[in-house]
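Undergrad: Have a look at this one before I ask anything.
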Amino acid sequence: MKRTLGVCYYPEHWPEEIWPQDATRMVAAGLSWVRIGEFAWSRLEPAEGHYDFGWLDRAIEVLGAAGLKVILGTPTATPPRWVVDKHPGMLAIDAEGRPRGFGSRRHYCFSHHGYLTECRRIVTALAYRYGRNPHVQAWQTDNEYGCHDTVLSYSPAALAGFRDWLAQRYQSVDALNRAWGNVFWSMEYHTFDQIGLPHLTVTEPNPAHVMAFRRYSSDQVVRFNAAQTEILRAHTDAPLIHNYMGRVLEFDHFDVGADLDIASWDSYPLGFLEDRLEFPPDHKLRFLRQGDPDCQAFHHDLYRSVGAAGADRDAATGRWWVMEQQPGPVNWAPFNPAPLPGMARLWAWEAFAHGAETVCYFRWRQAPFAQEQMHAGLLRPDSADAPGLAEAAEVGRELAGMADVSHRRAPVALVFDYGSAWAWQTQPQGRNFDYFWLVFSAYRALRRAGLSVDILPPDGEGIEKYGLVFAPGLATLSDALMARIATHSGQVILGPRSNSKTTEMSIPVPLPPALPFLDAAVSLVESLPRLAPVAIEGGGAFEAWAETLEGSAEIVLTRSDGVPAMMRAGAVSYLGGWPDDALWDRIVRDACTAQATEFADLPNGLRLRDTGQHRFAFNYGPKPAVWDGVEIPPAGVHWWTL
C-alpha cells in the first residue's frame, strides 16, 4: 500500500473564495487527504431540524475536484448550544459534583440517552447525504474520545445507567455484595437502587465498586461509537476511523476498535513531553524540541494493534493512521517550544516506518481566533508558509520516489491491557505506581536495544509468533492468555503485580502470580519511594515496587539481601519488582541473547525500526549520531535497504 499525507482543514472558518486556492496549495505540497467537518455541527444544523448542507456540499466538491480525498468527521464532539438547552442533563458531572458546561468541547455524558438520540440523527443525515459521495473516502467518528478527562461522568444519567449495568452483570444484589466484599465496613446493599457512584466518599471507595464503574464507563464509549458505526455502515463502504489520543487510558481502545476499520491517533510529541510524561528535567531539556524518542513509537505500535481489533487480529499488520501530526508549537502544554528543524519530517517518517498508511498534519492554516489560535499550522494566519509546510512537502516528494513501506513482524511483543491501567489507578498501593509508565519503561528498554516491537491485546492472541514476549503489570491474566503462555515455545517475562487481583479486585488464593507452570509466589509486596532502590546482584535495582518471592522455581536474579528477584520455569519468568533502566537493559539483553535475537547498543537518542524493505534510523538527539558508518544529524532520518 502506498503511504500518503493529509491535513486537517476547517472550511467553515475561512471565506469560501479561498477554498480553491487552499486546495491547490495542498495538492502542490504533496497532500492527498483532507479531514473536515468534525466540529461543524452548529453550521450543519443551526437550529433543531434545520439543516444547512450547502456549504459542506461546495467544500467537498472543491476539495475533491482538486484531487483530494475527504475524511468526513461526525460532529458529535461539539454539540451546539441548542442541543444543550434541549437536554440540560446531557452535561457530564466531574468527580467533585460540578457540571462540565458549554463553551468549549466534549461537553456531553456518554450515558445520556437523549444526547445519543441527537447524535444518531445528525450522523444519519450526514451518512444519507454523503455516504456515496465519491470524494468522501473515509469517515471519522466523533473526535478524541476521552480527551479532557471526559469518560468518567458522575451525572444522574450515568448513575441510572450504572445501576442497570450492575443488575445485568450480577443479576442479584446478594451476588454483588459477595463479589465486592461489602461485608467490610458494612457496605452491603439491599437493592441496586441503593448503589451510588464511587465518588465523594469519606475515604477511598471499595476498589471493586470503582472497577465496576470504570468498566461501565468504558462500555458507554463503546456503545456510543457503535451507534455511529452502525449508521455509517448502512450508507457507505468507506473505511471508518476514530482518532485516539496519547496516554488516554480511561476506556478500552481495543473494544472501540472492534467496530472500526482503521485506528488513528493524534501525535503531539512536544506537547506530550511537557504535559503527559513525568521525565526528569534534564531529559525534558535534552528533547525539548524533538519530543521523547519513544513516546510516539509506543503509540504507533499500540494503535497498529488497536487497528487490528476489528479485522484479522494480527497486531503486526493492523491498519492505522496519524490523524493529527504536530507541525509547530501547540497551545495547550505548560510550555510550547517550536520543533527542531527537521522534526516534522522525522515524525512523519517514523510513523510510516511503524506501518502508518497516512499521516495528516494538524492543521492547514493557523486560526487567528478562539481557543487554538496559538496552535501552529502548515500556514500562518496570514496564509504565508509556516516552517512545517516545507517539511511536509519534502516528505511528500520522498514518498513519491520510494516503493511501498510495508510492515515487518517485530521480534519482540509487549502485552498491553487497559483494564490493568484502571486496576492500578484504583489501588496503586504506592503513589508512583503507574501501569502505563511500567509498560512504557519496558518498551523504552527494548527500543534502546534497537529492537522493533509489536504490541498485543490482553488476551495475548498471536504470542506464538514471537520468540520474546514481555507482559508486565497485568492485574488479571485471562484464561486465554494463561493457556497461550503455557504452550509458548519462546520466552515470556511477566511481572511485577501480574495476576495479583481477581476480576473483582481481590487478592487470589493461591497467592499470585498463581501460575500452574511456575512454582513461585509473592508473599509480601512493598511500594517504595524512588530514592530507596533495592539493589540487584550483578547490577541494576528495583525502584518503586519490590516483591518477596518464594517457591522452588529457578532463581534467575537475586536482590542484594538474598531474596529472589526473578524466577523461571521453562519458558516463563516472573519478575518481582519494577526495574530501573539499568536493570531493564540487562534483562532485555539477557533475554535476547538466550533467544538468539539480534540487539544493539544505540547512541543516546538514536532509534531504529525495521520494515519489510528497510532499516530506518531516527536521531532524536541534539547532536549528530553515527550508526553503521553513517553520520545522522539532529532530527535526521536515514534508511538502508535490507
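Undergrad: Looking at the structure I just gave you, is W437 at pLDDT 95 or above, part of a helix (DSSP H, G or I) and closer than 24 Å to E350 by Cβ?
TA: So W437 passes the test.
Undergrad: Just give me the residues in the range 436-461 being surrounded by 21 or more Cβ atoms within 10 Å (Cβ to Cβ), of a type outside the set (A, V, I, L, M, F, W, C) and closer than 17 Å to F254 by Cα, in sequence order.
TA: D454, P457, P458, G460 - these are the residues of the range 436-461 that are surrounded by 21 or more Cβ atoms within 10 Å (Cβ to Cβ), of a type outside the set (A, V, I, L, M, F, W, C) and closer than 17 Å to F254 by Cα.
Undergrad: While we're on this one: Given the range 529-642, what strands (runs of 3 or more DSSP E) lie entirely inside it while holding 2 or more residues that are outside the structural domain of G342 (by TED's automatic domain parsing) and among the hydroxyl-bearing types (S, T, Y)? If you could, list the steps in order and put the result at the bottom.
TA: Details: elements: 541-550, 554-558, 564-569, 572-575, 577-579, 606-610, 614-619, 625-627, 630-632, 637-641.
Filter on the range 529-642 gives 572-575.
Undergrad: Condition test on D404, is it more than 26 Å from H209 (Cβ to Cβ), modelled with pLDDT of 95 or more, surrounded by fewer than 21 Cβ atoms within 10 Å (Cβ to Cβ) and not assigned by TED's automatic domain parsing to the domain that holds A591?
TA: So D404 fails the test.
Undergrad: Scan the range 41-58 and tell me whether some residue there is within 30 Å of the chain's Cα centre (by Cα), under 20 Å from I241 (Cα atoms) and among the hydroxyl-bearing types (S, T, Y).
TA: no
Undergrad: Taking the stated definitions as given, is F416 aromatic (F, W, Y), closer than 21 Å to T317 by Cα, within 17 Å of the chain's Cα centre (by Cα) and buried (at least 18 other Cβ atoms within 10 Å of the Cβ)?
TA: Judged against the criteria, F416 is a match.
Undergrad: To continue, here is another question. Tally the residues that are under 23 Å from L68 (Cβ atoms) and touching a His at 6+ places or on another chain (Cβ under 6 Å), restricting the search to the range 129-157.
TA: Adding up the residues that qualify gives 2.
Undergrad: Return the residue satisfying two criteria in turn: it lies in the range 552-568 and is surrounded by 17 or more Cβ atoms within 10 Å (Cβ to Cβ) and among the small types (G, A, S), and of such residues it is farthest from Y443 (Cα to Cα).
TA: First, pick out the residues of the range 552-568 that are surrounded by 17 or more Cβ atoms within 10 Å (Cβ to Cβ): 553, 557, 559, 563-568.
Now restrict to residues that are among the small types (G, A, S): 553, 565.
Values: A553: 26, A565: 20 Å.
Ranking the qualifying residues of the range 552-568, first place goes to A553.
Undergrad: Look at A315 and say whether it is more than 26 Å from I36 (Cβ to Cβ), surrounded by 23 or more Cβ atoms within 10 Å (Cβ to Cβ) and touching a strand residue (DSSP E or B) at 6+ places or on another chain (Cβ under 7 Å). Lay out the reasoning, then the answer.
TA: Working: more than 26 Å from I36 (Cβ to Cβ): yes; surrounded by 23 or more Cβ atoms within 10 Å (Cβ to Cβ): yes; touching a strand residue (DSSP E or B) at 6+ places or on another chain (Cβ under 7 Å): yes.
Yes, satisfied.
Undergrad: Report yes if A600 is among the hydrophobic types (A, V, I, L, M, F, W, C), buried (at least 20 other Cβ atoms within 10 Å of the Cβ) and modelled with pLDDT of 95 or more, otherwise no.
TA: It is false that A600 is among the hydrophobic types (A, V, I, L, M, F, W, C), buried (at least 20 other Cβ atoms within 10 Å of the Cβ) and modelled with pLDDT of 95 or more.
Undergrad: Among the residues of the range 499-514, is any part of a helix (DSSP H, G or I) and either without any contact (Cβ under 8 Å) to a residue 60 or more places away in the chain or outside the structural domain of H253 (by TED's automatic domain parsing) (or both)?
TA: For the range 499-514, residues part of a helix (DSSP H, G or I) and either without any contact (Cβ under 8 Å) to a residue 60 or more places away in the chain or outside the structural domain of H253 (by TED's automatic domain parsing) (or both): absent.
Undergrad: Under 24 Å from V412 (Cα atoms) and either at pLDDT 95 or above or in a loop (DSSP other than H, G, I, E, B) (or both): which single residue out of A338, A367, A356 fits that description?
TA: Just a single option satisfies the conditions, and that option is A356.
Undergrad: What number goes with the only condition from (1) surrounded by fewer than 18 Cβ atoms within 10 Å (Cβ to Cβ); (2) at negative phi that L515 does not pass?
TA: Every condition holds for L515 apart from (1).
Undergrad: Considering only residues that are in contact with a His (Cβ under 9 Å, 6 or more places away or on another chain) and among the basic types (K, R), look in the range 105-128 and name the one that is surrounded by the most Cβ atoms within 10 Å (Cβ to Cβ).
TA: In this case the residue turns out to be R106.
Undergrad: Only one of V210, V248, V221 is under 28 Å from R276 (Cβ atoms), part of a loop (DSSP other than H, G, I, E, B) and in contact (Cβ under 8 Å) with a residue 40 or more places away in the chain; which?
TA: Answer to the check: V248.
Undergrad: If you check R313 against the conditions, is it in a loop (DSSP other than H, G, I, E, B), of a type in the set (K, R) and in contact (Cβ under 8 Å) with a residue 40 or more places away in the chain?
TA: yes
Undergrad: Can you find, within the range 518-551, the residue that is surrounded by the fewest Cβ atoms within 10 Å (Cβ to Cβ) among those that are within 30 Å of N177 (Cβ to Cβ) and among the aliphatic types (A, V, I, L, M)?
TA: Selected residue: L524.
The values are calculated or read from the model by the stated rules, or taken from the named source; none is laboratory data. Predicted model only: the values in this text are computed from it and were never measured. Note: ideal-geometry Cβ built from the backbone for every residue, glycine included; neighbour counts use all protein chains shown.
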